[in-house]
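Undergrad: Questions regarding the structure given below will be posed in turn.
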Amino acid sequence: MSNKTDRALPVRIGRLSELANNLWWSWHPDADLLFQHLDKTLWEMMHHNPVKFLQQVSPAKLDGAAANPAFLRHYDGIMLAFDKARSAKGTWFSEKYPQLADRPIAYFSAEFGLHVSLPIYSGGLGILAGDHCKEASDIGLPLVGVGFVYQLGYFIQRITGEGRQDSIYEPLDYSATPLEPVISRDSEGGLLKVEVGGRCVHVAVWRVKLGSISVYLMDANVEENHSWDRELTSRLYGGDQEMRIRQEIVLGIGGVRMLERLGIRPAVFHANEGHAAFMMLERIRVLVQAGKSFKEAADAVRETTVFTTHTPVPAGHDAFPFHLVETQFAGYWESLGLDREQFFALGEHPDGGAPNFNMTALALRLAARCNGVSLLHGRVSRQMWHSMWPERTEDEVPITHITNGVHTPTWIAPEMNRLFAKHLGHDWLAKHDDPTFWERIENIPDAEMWQVKQQLKHKLFNFMRERVRQDWITETAGPVRVLTGGTLLNPDALTIGFARRFATYKRAALIFRSLDRLKKIFHDEWQPVQIIFAGKAHPADLPGRSLIHEIYQLARDHNLGGRIAFVENYDIHVAKHLVRGVDVWLNNPRVPLEASGTSGQKAALNGVPHLSVLDGWWYEGYKGTNGWAIEPGVPEGVSEEYRDEADAEALYRVLETEVVPLYFDRDSDGVPRRWIHLLKEAIRTAAPTFSARRMVKDYAERMYVPAMNASNQN
Ligand SMILES: *Cc1c(COP(=O)(O)O)cnc(C)c1O
């Protein structure tokens with residue numbers, strides 16, 4: 001299956017291939033530079049994919065590097081850091097909990113956003129999983145990821161001249177990824193076999209390394225399977241309910257069997273969202289087969305299971321009709337020691353409307369440690385699932401919260417990283433989750449900060465222009481695309497960024513509610529404003545797709561003067577440019593439907609203040625001096641229409657009276673002093689608290705360690 005044709009590397013730099021096949025390089029800019037120094041042009045041509053790069057780089061360049069003392073010094077330094085990172089020695093977890101380091105946490109997720117070359121994520125959930133794993137590696141937490149590799153991934157987005165979203169699926173070339181086979185038809189015992197609805201599905205397993213940890217990805221696209229079953233891991237969130245339940249069986253049940261086959265014995269299992277909840281049933285089954293009663297088995301599993309719920313949007317919780325569960329699980333409940341009714345009761349949600357098997361309800365019943373992903377989302381979740389614990393008050397519903405955070409080394413701009421290293425200390429990353437450390441942000445001279453911000457903005461605009469130019473050259477873009485791609489944007493205008501999934505509750509078009517008002521804001525001669533959009537709509541989400549269409553029409557409207565741009569194909573790479581390069585990050589979902597949101601955290605880390613309704617992380621992150629709140633001041637319970645109107649009004653007001661004047665208030669050197677002060681506050685308050693480091697340490701101390709201790713007692 002793998003046909004990697006790594007070039008024979010000169011022995012002295014032979015470990016470059018090891019580095020290329022561990023995504024650790026991707027969050028270490030020095031490692032990125034090492035590849036760049038070999039052949040910068042090729043590195044760009046290969047879109048920073050070191051696996052492909054090493055297949056193509058010329059022997060002469062390699063030999064040259066192997067004889068170049070400066071290159072070798074750099075190489076040796078990187079390899080030293082790489083080896084240290086993989087040993088987990090001296091890390092936070094191994095120092096604090098040395099006795100717990102030998103049995104891992106198994107982290108199950110339907111998607112992982114690890115790198116742009118591995119399109120096995122669609123949005124926030126996947127990015128969060130990726131950041132969680134990278135941080136686990138950084139702090140030495142023993143963790144293994146369990147998920148899928150989707151050959152067709154999530155789709156590539158193209159927008160037609162009329163503003164319609166096309167979805168393109170390109171098969172993944174495994175040989176151009178860091179995936180390595182760990183279970184294949186050539187392995188001892190052959191492919192992994194998982195029973196799904198009475199059929200045997202064969203599964204191959206791949207591993208991707210992230211520093212000291214591994215993520216194992218299952219793949220049903222093997223010849224041994226019927227074509228229908230090969231589709232199981234073909235597309236992320238494709239297919240119907242039946243496909244979905246079968247996927248979740250492979251993820252949950254197959255995942256547990258895969259770990260067993262690999263000889264990995266986790267102390268704790270973490271389900272990232274309800275998609276993976278069948279793993280709890282499979283673990284119970286194993287214990288029941290070993291002689292325990294259902295109750296004993298369920299208690300043992302519950303104590304060692306962590307569950308994170310990610311959305312207050314009801315449609316975001318998988319619920320399967322009973323007849324589907326019946327066809328897929330007939331014969332399975334007996335092996336749990338249950339009858340049909342007892343089995344179905346495990347997925348019952350008393351308030352769930354239709355009598356479905358609800359994956360979140362299942363997970364809440366079988367995990368002792370459950371959480372939402374922000375303070376507000378924890379509260380909303382307790383409300384939402386209260387009916388499962390009718391004898392308790394809402395506050396006693398056993399769902400706590402751990403607020404999401406972002407992996408700092410992944411999301412920080414290299415330019416900002418250098419600025420921090422210069423003024424906060426070279427080891428700033430080692431202390432970045434300590435709020436008191438960030439008081440040093442005052443050491444950064446305003447003018448230097450402003451210069452870096454301007455540099456990042458130019459980089460974004462160049463990136464957008466080059467994309468459009470490539471499309472123009474290859475004649476895949478007409479004049480409308482050239483315009484909407486951002487060629488008319490003005491680098492001196494206050495630039496708002498808005499990038500996220502096009503789900504209707506996120507209200508991407510809210511800012512267009514009063515076009516007359518917006519035109520005045522955009523066209524002010526001395527204080528111009530513009531906005532850049534990006535985001536995909538799920539192909540089946542017609543309202544989401546029509547929002548993209550609507551924004552496209554506005555972007556080409558002469559009256560809006562080229563002040564609106566849309567970047568196609570929002571992914572990790574686009575996100576990095578946007579969250580670093582714009583001036584303000586806008587978020588205006590319907591409260592309280594945004595569970596956390598993490599793009600605003602990435603932006604704040606890079607000195608891009610947040611302008612947002614008080615939802616998700618901003619409900620706790622907003623301090624009055626570090627960004628802006630869109631506060632409509634209307635009571636709860638008003639109609640959606642009325643609420644949208646009030647939110648739009650509040651958005652215009654804060655733009656006109658606060659954001660715009662502050663940005664254009666310059667000193668005699670052209671530096672917006674008060675703006676810089678505010679963006680430093682944004683960094684100071686967001687960088688430590690909304691980091692993946694703070695988040696993963698919270699998971700470790702509040703969830704994993706107590707569960708590990710419970711596991712040791714069994
Ligand atoms: C961070 C990120 C997201 C999630 O951002 P939200 O604020 O939760 O919408 C989605 N997609 C990509 C590509 C991202 O980088």
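The values are calculated or read from the model by the stated rules, or taken from the named source; none is laboratory data. Everything quoted here is computed from the prediction, not taken from an experiment. Here the Cβ is made from the backbone with ideal geometry for all residues, glycine too, and neighbour counts use every protein chain on show.
Undergrad: Does the range 79-91 contain any residue that is in contact with a helix residue (DSSP H, G or I) (Cβ under 6 Å, 6 or more places away or on another chain), free of Cβ contacts under 8 Å to residues at least 24 places away in the same chain and away from the ligand (no atom under 16 Å from the Cβ)?
TA: Scanning the range 79-91, I find no residue that is in contact with a helix residue (DSSP H, G or I) (Cβ under 6 Å, 6 or more places away or on another chain), free of Cβ contacts under 8 Å to residues at least 24 places away in the same chain and away from the ligand (no atom under 16 Å from the Cβ), so the answer is no.
Undergrad: Looking at this structure, is residue 698 within 22 Å of residue 144 (Cβ to Cβ), surrounded by fewer than 20 Cβ atoms within 10 Å (Cβ to Cβ) and at pLDDT 95 or above? Before the answer, list the steps.
TA: Values: within 22 Å of residue 144 (Cβ to Cβ): yes; surrounded by fewer than 20 Cβ atoms within 10 Å (Cβ to Cβ): yes; at pLDDT 95 or above: yes.
Here the answer is yes, as residue 698 does meet what is asked.
Undergrad: Of the residues that sit in the range 576-585 and are away from the ligand (no atom under 12 Å from the Cβ), outside any helix (DSSP H, G or I) and out of contact with any Phe, Trp or Tyr (no Cβ under 7 Å at 6 or more places or on another chain), which one is nearest to residue 115 (Cα to Cα)? Walk me through it before giving the result.
TA: To start, the set of residues in the range 576-585 that are away from the ligand (no atom under 12 Å from the Cβ) comprises 581-584.
If we keep only those that are outside any helix (DSSP H, G or I) too, we end up with 582-584.
Retained after the next criterion (residues that are out of contact with any Phe, Trp or Tyr (no Cβ under 7 Å at 6 or more places or on another chain)): 582, 584.
Working: 582: 22, 584: 25 Å.
By that ranking, first place goes to 582.
Undergrad: Based on what the data block shows, is residue 565 outside any helix (DSSP H, G or I) and either at pLDDT 95 or above or within 11 Å of the ligand (Cβ to nearest atom) (or both)?
TA: Spelling it out, residue 565 is indeed outside any helix (DSSP H, G or I) and either at pLDDT 95 or above or within 11 Å of the ligand (Cβ to nearest atom) (or both).
Undergrad: Give me the helices (runs of 4 or more DSSP H) completely within the range 306-388, filtered to those with at least 2 residues that are surrounded by 22 or more Cβ atoms within 10 Å (Cβ to Cβ) and at pLDDT below 95, ordered by residue number.
TA: Correct list: empty, since no element meets the threshold.
Undergrad: Here's another thing I want to ask about it. Across the range 214-260, what is the number of residues that are surrounded by 20 or more Cβ atoms within 10 Å (Cβ to Cβ), among the hydroxyl-bearing types (Ser, Thr, Tyr) and over 16 Å from residue 199 (Cβ atoms)?
TA: Total satisfying the criteria: 3.
Undergrad: Answer with yes or no whether residue 495 is hydroxyl-bearing (Ser, Thr, Tyr), in contact with a helix residue (DSSP H, G or I) (Cβ under 9 Å, 6 or more places away or on another chain), under 19 Å from residue 567 (Cβ atoms) and not in a helix (DSSP H, G or I).
TA: yes
Undergrad: Applying the selection to the range 647-672, what residues are in contact with a Gly (Cβ under 8 Å, 6 or more places away or on another chain) and either in a loop (DSSP other than H, G, I, E, B) or farther than 14 Å from residue 611 by Cβ (or both)?
TA: Selection gives nothing.
Undergrad: Now for a different question. Can you name the number of the only condition in (1) under 27 Å from residue 414 (Cα atoms); (2) away from the ligand (no atom under 16 Å from the Cβ) that residue 519 fails?
TA: (1)
Undergrad: Of all the residues that make up the range 92-128, how many are closer than 24 Å to residue 307 by Cβ and either β-branched (Val, Ile, Thr) or within 16 Å of the ligand (Cβ to nearest atom) (or both)?
TA: 16
Undergrad: Taking helices (runs of 4 or more DSSP H) that fall entirely within the range 1-102, which contain at least 3 residues that are modelled with pLDDT of 95 or more and under 29 Å from the mean Cα position of the chain (by Cα)?
TA: Once the helices (runs of 4 or more DSSP H) in the range 1-102 are filtered for at least 3 residues that are modelled with pLDDT of 95 or more and under 29 Å from the mean Cα position of the chain (by Cα), what remains is 16-20, 29-38, 40-45, 50-56, 69-87, 92-96.
Undergrad: Could you please find all residues in the range 120-170 being surrounded by 21 or more Cβ atoms within 10 Å (Cβ to Cβ) and among the charged types (D, E, K, R)?
TA: Within the range 120-170, 131, 134, 135, 138 qualify.
Undergrad: Considering the range 586-609 alone, what residues qualify as being within 11 Å of the ligand (Cβ to nearest atom), touching a Lys or Arg at 6+ places or on another chain (Cβ under 8 Å) and in a loop (DSSP other than H, G, I, E, B)?
TA: Correct list: 589, 594, 597.
Undergrad: Going by the structure shown, is residue 136 at pLDDT below 95, under 17 Å from residue 701 (Cβ atoms) and either more than 16 Å from the ligand (Cβ to nearest atom) or not charged (D, E, K, R) (or both)?
TA: No.
Undergrad: Residues in the range 473-509 that are among the hydrophobic types (A, V, I, L, M, F, W, C) and touching a Pro at 6+ places or on another chain (Cβ under 9 Å): how many? Working first, answer last.
TA: Taking the range 473-509 and keeping what is among the hydrophobic types (A, V, I, L, M, F, W, C), we get 473, 477, 480, 482-483, 488-489, 493-494, 496, 498-499, 502-503, 508-509.
Narrowing the set further to residues that are touching a Pro at 6+ places or on another chain (Cβ under 9 Å) leaves 493-494, 502-503.
Of the residues in the range 473-509, 4 are among the hydrophobic types (A, V, I, L, M, F, W, C) and touching a Pro at 6+ places or on another chain (Cβ under 9 Å).
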